[in-house]
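Reading through the structure tokens given below for one structure.
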Amino acid sequence: MIPLGLASVLGGILYFFTAHRGVSVMGDAMEPTHPRGKLVLVTDVDAEDIRRGDVLLLQVPGRYRGAPVIQRVIGKGGDRVASDGTRVTVNGEPLDEPYLKKDLLPPTPVPFEATVPEGRLFLMGDNRGNANDSRYFLDEQDGTVATAGVLGRVSEGFPPAVLTAGALGAALILGGIATGYAAWRRARSAPPAVRTGGPGR
């Protein structure tokens, strides 16, 4: 059981380091969710698995001096994203955005309307007053970016697969130790073997 447990733990660690990478947040656009200096984990994600609300690491040719940025997905292909400068709607439905930074002074209103082409994303920062996001590139395909520029999804904590492997490995190791200890106790408490005599003594 102990070798199996060790293999499970090591497998989880190997998976974690091959599928994830650490990135340090360099700006303030994603405060308070991901403040400057925070180390976040990024995992690979296929374009079809990207969801509204995901925080992505992406690289956009012609923007941000070619540096990767972290932004939140607001709209996907076919969505109509709009705002009166304060509340954002997607396909006419107001977004519930508990992740937004609450400023004492609201940011300058930036009304907009955008239709997201297929294979592209409309992205915004959580710190709306200090985020250079899709709102400011509306003359470039409505501010959207291609899913091909996505480098990965920012993970919230350790991935479930890693936690499961770790828990399973720990359980197997502890089970092996407990089984070995019980066998040792039984061996110590067993009466000593004695000869009974008889023919051939």
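Just so it is clear, none of the values below were taken in a lab; they were calculated from the coordinates. It should be emphasised that the depicted structure is a prediction, and the values quoted were computed from it without experimental measurement. Backbone-built Cβ (ideal geometry, glycine too); neighbour counts: all protein chains shown.
Where Lys and Arg each count +1 and Asp and Glu each count -1, what net charge lies around residue 119 among other residues with Cβ under 11 Å from its Cβ?
It works out to a net charge of 0.
What net charge is computed for the residues neighbouring residue 89, neighbours being all others with C-beta under 12 Å from the C-beta of residue 89, Lys and Arg scored +1, Asp and Glu -1?
Around residue 89, the charge tally is -4.
Can you list the aspartates and glutamates whose alpha carbon sits under 16 Å from that of residue 38, skipping same-chain ones fewer than 8 residues off?
Answer for residue 38, where 16 Å is the Cα cut-off: 28, 126, 156, listed by chain and number.
Are there GluC sites (Glu not before Pro) in the range 20-127 that DSSP puts in a loop and that have at most 15 other Cβ atoms within 10 Å, and which ones?
Answer by residue number: 118.
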